[in-house]
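K.L.:
Quick one: the structure is below, and I'll ask about it shortly.
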Amino acid sequence: MSDAPELSLSAMAAADWPAVAAIYREGIATGHATFAGSPPADYAEFSAGKRMDCAVVVRADGTVLGWATLSTVSDRCVYAGVAEVSVYVAAAARGRRMGDRLLGELIRRADAAGIWTLQAGIFPENTASLALHARHGFRTVGRRERIGQMTHGPQAGEWRDTLLLERRSPVAGQ
């Protein structure tokens, strides 16, 4: 018998917000996860503009260790099947393939929801996230140079590049 905790994936719920926000803060603190300087004020604000039908959390023994969501990229109907990926893993759970579980489940849910293109904007310094996305079929389609200026952390005031990655569904939009 293994002493490893039982892992489970489930739909994200409003009750998960405190853990989701805490994990988001840990990602923000790295300086290489997002341009955001802090999590949204509450779950309602966090959920706005997201495909919550696809949002997922991973738990070990009931504790949320990571989350993944999709955000809509445009209100235009021709982009209804295009969404942007966010994947965050608690600092204590990094290096244990939680991101693989989350992104795999997020892709499964996106395919089932008819989303034909997933995209991700990732800082070039975030090599773990780049490797994660590559393992799940994302390809780099471009570099967005000096796309945004950091407002927080050690890179505050610096203009940052992001790499634009995408994954085309083999199921949806065919």
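Every number here is computed from the coordinates shown, using simple stated rules; none is lab data. Worth saying up front: this structure is predicted, and the values here are computed from it rather than measured. Heads up, the Cβs are rebuilt from the backbone with ideal geometry, glycines too, and the neighbour counts pull from every protein chain shown.
K.L.:
For ARG135 and ALA13, calculate 0.36 nm times their separation in residues minus their Cα-Cα distance, and state this gained length in nm to one decimal.
P.N.:
41.2 nm
K.L.:
Which order do TYR79, TYR24 fall in if you start with the one that has the fewest other Cβ atoms within 10 Å?
P.N.:
Taking fewest neighbouring Cβ atoms as first place, the list is TYR79, TYR24.
K.L.:
Here is a further query. Taking θ as phi - 60°, what are the ³J(HN,Hα) couplings along the range 164-174 by the Karplus curve (6.51, -1.76, 1.60), each to the nearest whole Hz, with x for Gly and Pro?
P.N.:
Taking θ as phi minus 60°, the curve returns 9, 10, 8, 9, 9, 5, x, 10, 7, x, 8 Hz for the range 164-174.
K.L.:
In what sequence do THR72, THR127 fall when counting other Cβ within 10 Å, fewest first?
P.N.:
THR127, THR72
K.L.:
For the range 136-147, just list the computed ³J(HN,Hα) in residue order, Karplus coefficients 6.51, -1.76 and 1.60, θ = phi - 60°, integers in Hz, with x standing in for Gly and Pro.
P.N.:
9, x, 7, 10, 7, 10, x, 10, 9, 6, 6, 6
K.L.:
Placing +1 at every Lys and Arg Cβ and -1 at every Asp and Glu Cβ, with all other atoms neutral, what dipole size does the range 1-66 have around its Cα centre, in debye to the nearest 20?
P.N.:
Computed charge dipole of the range 1-66: roughly 240 debye.
K.L.:
For the range 105-174, what's the relative contact order in percent, using C-alpha pairs closer than 8 Å and at least 6 residues apart?
P.N.:
44
K.L.:
May I have the convex hull volume per residue, in Å³, for the Cα set of the range 78-149?
P.N.:
Cα convex hull per residue, to the nearest whole number: 114 Å³.
K.L.:
Sticking with this one: Amide H neighbours of ARG51 under 5 Å, counting only residues 5+ apart in sequence or on other chains, H built in-plane at 1.01 Å?
P.N.:
LEU70, SER71, THR72
K.L.:
Count the net charge of all other residues whose Cβ sits under 13 Å from the Cβ of VAL57, scoring Lys and Arg as +1 and Asp and Glu as -1.
P.N.:
Neighbour charge sum, excluding VAL57 itself: +1.
K.L.:
Once you list every other residue whose beta carbon is under 13 Å from the beta carbon of ALA93, what net charge do they have if Lys and Arg are +1 and Asp and Glu are -1?
P.N.:
Charge balance near ALA93 sits at +2.
K.L.:
Could you check the simple spin-label distance between ARG25 and ALA48, using points 7 Å along Cα→Cβ, in nm with one decimal?
P.N.:
The answer from the label model is 2.2 nm.
K.L.:
Assigning unit charges at the beta carbon (Lys, Arg +1; Asp, Glu -1) and nothing else, what dipole magnitude in debye, to the nearest 20, does the range 1-159 show about its Cα centre?
P.N.:
440
K.L.:
Restricting to Cα pairs below 8 Å that are 6+ residues apart, what does the relative contact order work out to for the range 7-168? Please round to a whole percent.
P.N.:
Contact order relative to length: 21 percent.
K.L.:
Using Cβ counts within 10 Å as a stand-in for footprinting exposure, how do CYS77, CYS54 rank, fewest first?
P.N.:
Going from least to most buried by this count: CYS77, CYS54.
K.L.:
Still on this structure, I have one more. List, in order, the whole-Hz ³J(HN,Hα) value for each residue of the range 101-109 obtained from phi through the Karplus relation with A = 6.51, B = -1.76, C = 1.60 and θ = phi - 60°; use x for Gly and Pro.
P.N.:
5, 5, 5, x, 5, 4, 5, 4, 5
K.L.:
Running a GNM on the chain with Cα contacts under 10 Å, which residue among MET150, MET12, MET98 ends up with the highest mean-square fluctuation?
P.N.:
Between MET150, MET12, MET98, it is MET150 that shows the largest mean-square fluctuation.
K.L.:
For the range 7-168, just say rounded, prolate or oblate: build the C-alpha gyration tensor, square-root its eigenvalues into a ≥ b ≥ c, call rounded for a/c under 1.5, and beyond that prolate if a/b exceeds b/c, oblate if not.
P.N.:
Note, shape of the range 7-168 comes out rounded.
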